[in-house]
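Below is one structure, written out as structure tokens; the observations come after it.
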Amino acid sequence: MNAPAPPFFAFDNSYVRDLEEFYVHWKPTPASKPVLIRLNEELARELGADPAALASPAGIEILAGSRVPEGAEPIAQAYAGHQFGQFSPQLGDGRALLLGEVIDRNGERRDIAFKGSGRTPFSRNGDGKCALGPALREYLISEAMHALGIPTTRSLAVVATGDMVRRDRAQPGAVLTRVAASHVRVGTFQFFAAHQGPEQVKRLADYVIARHYPTLAASAQPYLDLLAAVGERQAELVARWLGVGFIHGVMNTDNMTLSGETIDYGPCAFMEVYSPGTVFSSIDSAGRYAYGKQAGIARWNLARLAETLLPLIDADAERAVQAATAVIDALPERQAVHWLRVFRAKLGIDETDDAEADRTLIDDFLRILKQDRLDFTVAFRALFDAAAGDATRLNSLMAEATDFADWRSRWQARQPTHSPDLLATMQHANPCYIPRNHRVEAALDAAVDDNNLAPFERLLAVIRAPFDERPTDAEYAEPAPTEFTTGYMTFCGT
Ligand code: AMP
Ligand code: MG
């Protein structure tokens with residue numbers, strides 16, 4: 001007979017087991033009066049947990065950090081990182097804890113972690129807390145990204161702790177439960193390279209290979225291949241961000257995963273009018289992490305990862321640098337391949353050998369959007385509508401646009417008809433609904449200021465089905481008022 005399943009999660013904690021010295025055992029701070037704000041029931045089931053048990057008083061205590069469930073071995077993970085180009089040798093989980101890992105229903109190993117569960121040895125001057133607004137923001141945007149088909153950490157729950165946290169004003173505190181393929185970051189490699197040396201970096205690299213890139217274990221040059229494989233996943237990830245107008249906002253090396261998932265939803269936002277220089281983050285005044293800079297920053301971050309791997313790549317330093325440089329130098333081409341695939345899908349054009357001609361066609365459409373200050377999401381969705389047989393929206397949107405008639409005939413000549421498959425691909429490349437910044441802020445304000453979760457739940461329901469147009473949700477497809485976007489600023493959720 002099988003042993004009965006544990007009541008909450010069937011933990012199996014490989015990081016704790018395999019990587020002692022890479023973390024500190026630590027307990028979450030109990031919450032004074034936990035209230036469940038949101039539970040992702042579907043994700044709970046995917047993790048093999050019972051949603052009803054998690055929503056019970058005992059489950060809420062666990063999700064608040066007040067009670068450590070059976071089998072969990074909470075740890076604060078060590079990492080370093082380049083923040084806005086400056087190296088910080090010691091960051092680490094200052095307001096987060098890894099509760100443990102489970103094998104999900106699909107056989108995938110997933111981390112279950114808290115954000116906002118109190119101070120740890122890595123907290124420096126921070127309080128280790130998270131305010132309710134930023135917790136709900138991460139929940140909303142990460143679930144939107146998932147619905148858009150973009151690799152991302154997920155959100156399992158938000159619990160209000162009943163404790164106030166001090167920010168620019170006092171705000172209700174919360175714990176977000178985050179689920180990730182793992183929390184290993186470029187900054188994790190940097191920590192061990194800076195403090196310990198190649199032997200420890202090798203242990204970490206072997207762990208990452210086993211967990212995320214198992215086919216590389218048999219490679220003759222596993223660490224060089226690891227660098228290339230991480231580069232490939234990041235190239236694909238950033239191309240997908242660009243395809244939906246996502247601006248991460250804080251692409252520090254500690255916010256870039258080895259798994260290829262989007263992580264750390266702080267000052268992120270979605271672009272409205274197409275403009276590559278778009279930045280919303282209050283702390284990114286130089287525009288380092290602007291929409292159009294993200295591919296370049298990913299390469300910069302991967303070069304930092306490469307530096308940590310050099311001693312593993314080749315004992316001869318010069319040869320190691322040569323080999324790693326070749327991988328980094330190949331990234332622009334890989335990024336271009338993924339970008340072209342994403343934007344061909346957005347234009348509804350099939351794959352051909354003439355990449356250059358297609359790049360020009362895509363660039364010319366983007367130039368029209370930029371010149372005429374058109375909303376990125378609306379304009380591409382209008383192209384889809386036209387391809388699907390209804391050009392009303394495209395016609396009115398482009399009525400005044402210079403050069404559009406010419407572009408349109410080129411587009412139509414390139415792809416005169418759309419097979420059902422091509423049309424379906426196009427639809428799934430062009431969401432009707434994204435989490436518009438003004439809607440996100442309104443939902444969070446209602447939740448935090450008025451204790452009213454209805455706008456949050458409504459927005460969540462809309463963005464969970466982004467590709468099917470629904471007349472009842474028409475207002476959610478509309479851009480923000482220009483005045484809103486002009487003054488819009490996002491903040492690191494600290
Ligand atoms: P982030 O900007 O969210 O990627 O966080 C960067 C670093 O600051 C990480 O080491 C976090 O753990 C730490 N940190 C951010 N906010 C807090 C906080 N409120 N208390 C303690 N540490 C924090
Ligand atoms: Mg971070």
Within region 223-237, identify whether any single residue is within 16 Å of ligand 1 (Cβ to nearest atom) and more than 19 Å from PHE343 (Cβ to Cβ), and answer yes or no. no
For GLY245, the lone unmet condition from (1) within 16 Å of ligand 1 (Cβ to nearest atom); (2) within 23 Å of LYS346 (Cα to Cα) is (1)
Give region 256-293 a look and list any residue that's in a helix (DSSP H, G or I) and either at pLDDT below 95 or surrounded by 23 or more Cβ atoms within 10 Å (Cβ to Cβ) (or both), or say none. TYR291
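Tell me the residue from LEU47, LEU43, LEU97, LEU91 that is within 15 Å of ligand 2 (Cβ to nearest atom), out of contact with any helix residue (DSSP H, G or I) (no Cβ under 8 Å at 6 or more places or on another chain) and either aliphatic (A, V, I, L, M) or closer than 30 Å to ALA447 by Cα (or both), please.
On the way: LEU47 fails: within 15 Å of ligand 2 (Cβ to nearest atom); LEU43 fails: within 15 Å of ligand 2 (Cβ to nearest atom); LEU91 fails: out of contact with any helix residue (DSSP H, G or I) (no Cβ under 8 Å at 6 or more places or on another chain).
After ruling out the rest, the residue left standing is LEU97.
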The condition from (1) in contact with an Asp or Glu (Cβ under 8 Å, 6 or more places away or on another chain); (2) more than 28 Å from LEU258 (Cα to Cα) that GLU70 misses is numbered (1)
What are the pairs, 6+ residues apart or on separate chains, where a residue within region 122-134 that is over 17 Å from PRO28 (Cβ atoms) has its Cβ under 8 Å from a residue that is of a type outside the set (Val, Ile, Thr) and near ligand 1 (Cβ under 6 Å from one of its atoms)? ARG124/GLY94; PRO134/GLY266
For ARG38, only one of the following conditions fails: (1) under 22 Å from PHE191 (Cβ atoms); (2) crowded, with 21+ Cβ neighbours inside 10 Å. What is its number? (1)
In the list LEU140, LEU97, which residue meets the criterion of being within 19 Å of GLY266 (Cβ to Cβ), part of a strand (DSSP E or B) and not hydroxyl-bearing (Ser, Thr, Tyr)? LEU97
Could you check SER117 against (1) within 16 Å of ligand 2 (Cβ to nearest atom); (2) within 30 Å of GLY243 (Cα to Cα); (3) of a type in the set (Ser, Thr, Tyr) and say which number it fails? (2)
With respect to VAL102, determine if the residue is at pLDDT 95 or above, within 25 Å of ASN255 (Cα to Cα) and assigned to a strand (DSSP E or B). yes
Which numbered condition VAL279 misses (of (1) under 19 Å from GLY81 (Cα atoms); (2) away from ligand 2 (no atom under 14 Å from the Cβ); (3) not small (Gly, Ala, Ser)): (1)
Go through the residues of region 78-87 one by one and say whether even a single one is away from ligand 2 (no atom under 16 Å from the Cβ), crowded, with 22+ Cβ neighbours inside 10 Å and modelled with pLDDT of 95 or more. no
Condition first: more than 11 Å from ligand 1 (Cβ to nearest atom), under 25 Å from GLN234 (Cα atoms), buried (at least 24 other Cβ atoms within 10 Å of the Cβ) and not small (Gly, Ala, Ser). Can you find one or more residues in region 141-151 that meet it? yes
Residue list for region 369-386, restricted to those being over 17 Å from ALA474 (Cα atoms) and touching a helix residue (DSSP H, G or I) at 6+ places or on another chain (Cβ under 6 Å): LEU369, ALA386
May I ask you to list pairs of residues, at least six apart or on different chains, whose Cβ atoms are under 9 Å apart, with the first in region 366-388 being on the phi > 0 side of the Ramachandran plot and the second being modelled with pLDDT of 95 or more and not in a helix (DSSP H, G or I)? ARG373/VAL273; ARG373/TYR274; ARG373/SER275
Spans of helices (runs of 4 or more DSSP H) in region 319-401 with at least 2 residues of a type in the set (Phe, Trp, Tyr) and surrounded by 15 or more Cβ atoms within 10 Å (Cβ to Cβ): 331-347, 376-387
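So is ASP111 of a type in the set (Asp, Glu), within 13 Å of ligand 1 (Cβ to nearest atom), under 14 Å from ARG178 (Cα atoms) and buried (at least 20 other Cβ atoms within 10 Å of the Cβ) or not? Outline the logic, then answer.
Numbers: of a type in the set (Asp, Glu): yes; within 13 Å of ligand 1 (Cβ to nearest atom): no; under 14 Å from ARG178 (Cα atoms): yes; buried (at least 20 other Cβ atoms within 10 Å of the Cβ): yes.
For ASP111, the condition - of a type in the set (Asp, Glu), within 13 Å of ligand 1 (Cβ to nearest atom), under 14 Å from ARG178 (Cα atoms) and buried (at least 20 other Cβ atoms within 10 Å of the Cβ) - is not met.
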Please give the number of the condition GLY260 fails out of (1) within 16 Å of ligand 2 (Cβ to nearest atom); (2) within 28 Å of ARG211 (Cα to Cα). (1)
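The values are calculated or read from the model by the stated rules, or taken from the named source; none is laboratory data. This one's a predicted model, so the numbers in the text were calculated from it and none came from an experiment. Using ideal geometry, Cβ is built from the backbone for each residue, glycine included, and neighbour counts are taken over all protein chains shown.
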